[in-house]
Amino acid sequence: MSEAYLKKEPCLLEVQGLKMLFPTGGSILGKNKRYVHAVDGVSFSLRAGETLGIVGESGCGKSTVGNLIVRLLKETEGRILFDGHDITAMSARQFKPLRKEMQMVFQDPFSSLNPRKKVFDIIAEPYHIQTKMSSAEIRKNVEYMMELVGLDKSYQNRYPHEFSGGQRQRIGIARALALKPKLVICDEPVSALDVSIQAQILNLLKDLQEELQLTYIFIAHGLPTVQYISDRIAVMYLGKIMELAPERELFEHTMHPYTEGLLDAIPVGDPTKRDEEDKPILEGDLPSPLNLPKGCRFCSRCKYAQQICAQKEPELAEVTPGHYVCCHFPLIASEEKKSE
Amino acid sequence: MGRYLLKRVVQIIPVLLILTLIIFCLVYVAGDPVALMLPPEAGEQAKAALREALGLDKPFYEQFFIYIGNLLRGDFGTSYQYNQDALSLVLERMPYSLQLAGVSLACSVVVGIVLGVAAAHFRNSPFDLLVNGFAALGQALPGFWVAIMLILLFAVKLQLLPVSGSGTWQNLVLPAATLTLVTSAKIIPLVRSNMIEVMQQDYIRTARSKGLRGSTVVFKHAFKNTLVPVITIIAMQLPTLIGGALITETIFAWPGLGMLIYRGVANLDMTVVQAGVMAVALITIVANLISDIAYCIIDPTIKYQ
Amino acid sequence: MKQTLLKVENLEVKFKTLEGMQTAVQGVSFDVAQGEVFCLVGESGCGKSLTSLSIMGLVEKPGIVEADAIVLDGQDISHLKEEKLRELRGNKMSMIFQEPLTSLNPLFTVGNQMDEVFRLHQKANRAKAKQMSVEMLRFVGIPDPEDVYKRYPAALSGGMRQRVMIAMALSCRPKLLIADEPTTALDVTIQKQILKLMKDLRRELGTSIIFITHDLGVVAEMADRVAVMYAGQIVEQASVYDLFQKPLHPYTEGLINSTIRLGDGRRRLPTIAGTVPPISKMVSGCRFHPRCPYATPACRENAPPVIEIQGRMVRCIRYAKEHKQEGGVHV
Amino acid sequence: MKQIKRFFKLLLRSSTGTAGMVIVILICLCAVFAGQLAPHDPNAMDLTNMTKPPAWMEGGDWSHVLGTDNLGRDILSRMLYGSQISLVVGILATLTSGAVGMVLGLVSGYYGGVTDHVIMRVADAFYAIPGILLALVTLMVFKSSGIVTLVLVIAAISWVQYARLIRSEVLRLKGKEFVKASKTLGASSGYIIFHHILPNVWPSFIVVSTMSVAGSIITEASLSFLGVGIQAPLISWGGMLSDGRVLLATHWWVATFPGIMITVAILGITFLGNWLRDVLDPHNKGL
């Protein structure tokens, strides 16, 4: 979808200053309780029909953001506006009708399907919980959904273990889309699958988006996968968004050193282009989320880091229209400065 | 690690309270001991006086608090049957129980671990089958029947060992053998299945890929990893061996805690019963705590459950 | 042409199951030159890990390994006794695994586990072993080797653990290092670090590496030569440049095309239809034919021969037709 | 129908499983048809036929195949009737403790928090007293020895293992993505428990229950042996053993046959349980 078209669409989801702290350790009496800042002030908005990719390494909090939006977790701070309603202020009962508007596709095709239920019952579950359909209607709907995701409807009396990973992921997608949600959160939906199957599932997700006018949040750890499906991409590092930009823009005008490191780390996929010289790579390990560096959380691994980076934490700021960066010295900007 | 242990210790307090409540309830329901304590010809007045003296006329909760207070002061009451302090009775019998339990547990652990590891190593061989059969039989045989059969064979027919009693090491053999059979039968399958599971772990493959000897892989890398569940089951067996061995103790006339409690029950001497049960429960709790400490020593990475 | 270090001929791995004998790896032959990085690539269940485990002699019961020959450095190890094989493992050949989380024993310190290798193969005493272990840890780029030496694996990050595994595997300067998906469980930036480390070490030590992966991107980055495996067979073998320039086997072609690259957002990914058949229900004829866009009735009936074309090998009937009798045909 | 066929196919594949099943079925038949099978009235004393040895021994005859006890009662008949008590007590105690343990384990695992703490500490307290001891004291205190009391007492000492097992299973399942998926659909706790947790807890519950029947039978026999369990005129294997104990040196068969009977019964149930564990294991694709 073109960006100009997207701009006209209303805002479907707005996340404001989302924080999630998990308590850890501390004495029994609650003294010196320490917290893991899994999500530490995340804000973004999402237009209807758009796909936002969230990318980052393990422990960056990308899945926690997904879980917070569908209310599997209760945030510590912040607001989530869905279709204009503040869903963080709602009770479980008030929120229940809204649940059918937002669904989730999970990572593990083995743990996401109840091993003791037949495919039919798995896909019928949303109708049982959210609607009062007759069993004939449910059957019709389930068969339609199975066809939609490319499953033969003769499979409906089989158990999940009789299917391959890719087919199970199709079942999971059918369940998520059964109630025609507006927003679908895909939490690493292809990372457990084989290469040839990944492409099948990604294409399916793309087709379904077009057909059902879906809005996606696509969470993954691999930039190529995220970029294949997303309109805009948010790069997360240790609970914060480091860079948020339209997909093209992010690659062509990379501004954050971490994004640069991520891009450089992607294997080239072409043996003639592998340079034996080895350009500098992102060194070091993630710092422990319990023991974040003061100032910018990336400064311990950043090759451009200066004094201020270790003292003052940068804010996510719009550097060029639609391109947000959380860095004291965004790359393009500093290069421009140099050329001046 | 320190925090983990501290948490376990703190958890003991409510358990002790609930335990006391259970035991107190049993005593309370058992009813009025006054009739047993006084000679049959004592009049109503004497009974009422004794009740008041013992605090038995007070409401349930008040009695319970008095009871806890007494326990805290180490006062477990006096046994009317032996006319002796219940606590000292328990302490008198304790060494016998510990002796029998200690010997049986040591034997069971040795037998259980050796046979379990060997069976896992020779998985699906005739030897494995034999060990499995032994374990299944050991779990199926009622302990008291084994005891009787052992007496029949070794004491009555062969006359190698004494029928019952205590004092010499010969007296210990048959009861310890009975308990060892039953207990090791519970340890063997656990050791075996754990060992098999551990042998399939990635780090075992790593150890083998380094060229380590089969015995090093089994006894160093695998064995230590099977210890945590093994210690759990060992800790679970201890109370069964101390208080739960009452049938074995009765059959062999071994003067341990189990027999003391059994006699107490038979004679409705509730002070002895509650002191004995309390002692066994305390030993159980301490055993569990020790096993928790053992986990921490074995596995340095242990965290909250 | 460099000297051949490892030659595997007609390797077969079978499993005895309740349903009967099942062949997981069949007719696998390849060789690895000294100092070469040889990539085995394929999807899960294609037999690439089993192939490497059989070279190490680590296939567990009920698996049965049969091979005409596995020659390592001039010595046929396919029929060696376990004790003899053990002397080679960790010494002349060693292996690192996919899961750095579970591949180190959680109950022993890094140092303890590293020392074992030196004490076993080099008969080093405790102090000497420690010194060598610390040296080795430093060698693989661990910043504070003395500290890491004392730690338990749980206290290390995934990348660190994989470095420890590499250090341990390279302790005795093996001629052959088998790396079974060593970066799959790691984050991309850490993967890059580990790949760079392995390249550097190869250059420095001249170790031959069999690198097993499902990721063609990693193959393009690491390999000298590549073997593509599908359903227990090698379907294509070529130098990495030839393979990426012109894949011969339809499966290789499909695999390369369906790999997502940066900048793919505007095109639609081609896919390989269907899924891999399970080994218990292996199809007749060419194992790939149900998913192959070029399949003909002949593919369904006859197992395709292995064709040799210009130093490459491919298991596909299409090339048999083109090169009727010229290419030496082995079956 | 397909399931039943598959069940038997799996059963016949395991020799111990088959043996266990056969033993369990035979014992059930003995219990149900005790009245028809028993050659004598189990409580009929026959002072002319006291301590008669089994038929194959000198002095025995086929009217009392396994001999008689010191009151001249037919041992075979008593054993057949004894299986009724064993099975009834074993099954009822298992059902009771299973139900209690299941509910408490579910509540404890699913809701967590204070409820979990309270239930688990009570479980710890019960666990700290050896079961047989607690049963003995309770039975004495309540001065009643009917089947109902016995069942309740055995249930009271064995609910803990269920509660702990179910709780750990629930904790494991709670983190599964299919439970999360159900939550994102707005499913109530009840729906999740009944549709997702219970069907997956069921297999381990069945395995533990089978083993628990065996445990309850042993406990009943032990208590009857101690004289606080089943009382005459009801017949229990443990009680028979207790009667035979004094005759051990002179008339071994009185105590031996009930002992063998208990052992065989427990072995059969354990074999069946082990087989069920293998078959119902979710990694094993299962029934």
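Some notes on this structure:
- Number of the exception - residue C:236 against (1) closer than 19 Å to residue C:139 by Cβ; (2) buried (at least 24 other Cβ atoms within 10 Å of the Cβ); (3) in contact with a Ser or Thr (Cβ under 6 Å, 6 or more places away or on another chain): (1)
- Within segment C:187-205, the set of residues being open to solvent by 20 Å² or more (accessible area, probe 1.4 Å) and within 24 Å of residue C:44 (Cβ to Cβ) comprises C:187, C:188, C:192.
- When residues of segment A:1-42 are limited to those that are open to solvent by 90 Å² or more (accessible area, probe 1.4 Å) and away from chain B (no Cβ under 14 Å), the one modelled with the lowest pLDDT: A:1
- Residues within segment A:164-177 that are more than 9 Å from every other protein chain (Cβ to nearest Cβ) and touching a residue at least 40 places away in the same chain (Cβ under 8 Å), tallied: 6
- Residue in segment C:240-259 that is modelled with pLDDT under 90, part of a loop (DSSP other than H, G, I, E, B) and farther than 14 Å from residue C:314 by Cβ present: yes
- Unique match (being in contact with a helix residue (DSSP H, G or I) (Cβ under 7 Å, 6 or more places away or on another chain) and more than 10 Å from every other protein chain (Cβ to nearest Cβ)) among B:233, B:285, B:247: B:233
- Of everything listed in (1) within 30 Å of residue C:220 (Cβ to Cβ); (2) more than 25 Å from the chain's Cα centre (by Cα); (3) open to solvent by 30 Å² or more (accessible area, probe 1.4 Å), the single unmet condition for residue A:271 is (3).
- Strands (runs of 3 or more DSSP E) lying entirely in segment C:1-44 (those with 1 or more residues that are in contact with a Phe, Trp or Tyr (Cβ under 9 Å, 6 or more places away or on another chain) and not hydrophobic (A, V, I, L, M, F, W, C)): C:4-17, C:20-33
- Look at (1) part of a helix (DSSP H, G or I); (2) within 13 Å of chain A (Cβ to nearest Cβ); (3) touching a residue at least 12 places away in the same chain (Cβ under 8 Å); (4) not charged (D, E, K, R) and you find that residue C:228 fails only one, number (1).
- Taking the numbered list (1) away from every other protein chain (no Cβ under 11 Å); (2) touching a strand residue (DSSP E or B) at 6+ places or on another chain (Cβ under 8 Å); (3) not basic (Lys, Arg) in turn, residue A:300 passes all entries but (2).
- Wholly within segment A:67-150, helices (runs of 4 or more DSSP H) carrying at least 2 residues that are more than 10 Å from every other protein chain (Cβ to nearest Cβ) and open to solvent by 70 Å² or more (accessible area, probe 1.4 Å): A:135-148
- Qualifying residues in segment C:260-298 (those that are at pLDDT 80 or above and at positive phi) - the one farthest from the other protein chains (Cβ to nearest Cβ): C:285
- Of the criteria (1) hydroxyl-bearing (Ser, Thr, Tyr); (2) within 21 Å of residue B:108 (Cβ to Cβ); (3) away from chain D (no Cβ under 13 Å), which one residue B:193 fails: (3)
- Residue A:62 being buried (at least 22 other Cβ atoms within 10 Å of the Cβ), basic (Lys, Arg), touching a residue at least 24 places away in the same chain (Cβ under 8 Å) and under 24 Å from residue A:214 (Cα atoms): yes
- Filtered residues of segment D:127-153 (kept if assigned to a loop (DSSP other than H, G, I, E, B) and buried (at least 23 other Cβ atoms within 10 Å of the Cβ)): D:129, D:130
- Test: residue B:264 is within 11 Å of chain D (Cβ to nearest Cβ), touching a residue at least 12 places away in the same chain (Cβ under 8 Å) and not in a helix (DSSP H, G or I): no
- Restricting segment D:187-229 to residues that are part of a loop (DSSP other than H, G, I, E, B) and either modelled with pLDDT of 90 or more or touching an Asp or Glu at 6+ places or on another chain (Cβ under 7 Å) (or both), the residue that is farthest from residue A:108 (Cα to Cα): D:229
- Among the residues of this structure, residue C:240 does not count as one that is among the β-branched types (Val, Ile, Thr), away from every other protein chain (no Cβ under 12 Å) and over 24 Å from residue C:67 (Cβ atoms).
- Some residue of segment B:239-253 being surrounded by fewer than 21 Cβ atoms within 10 Å (Cβ to Cβ), farther than 20 Å from residue B:107 by Cβ and not β-branched (Val, Ile, Thr): yes
- Residue B:189 meets the stated requirement of being open to solvent by less than 50 Å² (accessible area, probe 1.4 Å) and either under 30 Å from residue C:165 (Cα atoms) or in contact (Cβ under 8 Å) with a residue 24 or more places away in the chain (or both).
The values are calculated or read from the model by the stated rules, or taken from the named source; none is laboratory data. Please read these numbers as outputs of a predicted model, since none were measured by experiment. Here the Cβ is made from the backbone with ideal geometry for all residues, glycine too, and neighbour counts use every protein chain on show. Accessible surface is based on the protein model in full, side chains and every heavy atom, while ligands, DNA and RNA are left aside. Shrake-Rupley method; radii C 1.70, N 1.55, O 1.52, S 1.80 Å.
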